[in-house]
Amino acid sequence: MVLKQKELVDELKIEWKRLWRERVDDRVRAEGIACDDYSSLFIDKGTIIHATRDFKALNFKDILHQHEVADPERYVAPDPQVGGWSKFVKDNIIMKSQSKNEKFVEYYSNNNRGVHSEKQAQRKSGRGWLHI
């Protein structure tokens, strides 16, 4: 049963990608229009699939619900508004590495071992490295 659903979802994904790749862009009205019938996606020829104003965008998760696929969230990445993979990486991976760096800087600033904590003597009596 799970393998059949996975095959169905894979076929729907292929159709979904083909729909977006082969759409007709109407630049005057700023719309994307389906150029074929996609019966598995419940989209007819001439259906507006993308527009700039007052438009409910197509959602692959809704199509999976119409096909009665169990647990469609498993096959679709989370929405960016909710917090997708990027937010997960920013919150969990990048912040942890930054906290390690902060501990490193704090350790060296407390022990006064840092290069910037001691004042270095000027070279060439402050004139720089000019050779005259």
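Modelled spin labels at Arg53 and Glu11, positioned 7 Å past Cα toward Cβ, are 4.1 nm from each other. With 29 Å as the limit on Cα-Cα distance, the pairs of Lys17/Lys87; Lys45/Lys90; Lys45/Lys87; Lys4/Lys90 that go past it are Lys45/Lys90; Lys45/Lys87; Lys4/Lys90.
Add +1 for every Lys or Arg and -1 for every Asp or Glu among the other residues with Cβ under 11 Å from the Cβ of Asp44, and state the total.
Values: positive: Lys45; negative: Asp36, Asp37.
With Lys, Arg at +1 and Asp, Glu at -1, the neighbours total -1.
Taken together, the values in this text are just the output of simple stated rules run on the coordinates, not laboratory data. All of these numbers come straight from a predicted model, not from anything done at the bench. Counting neighbours? That spans all protein chains shown, and the Cβs are built from the backbone with ideal geometry, glycine included.
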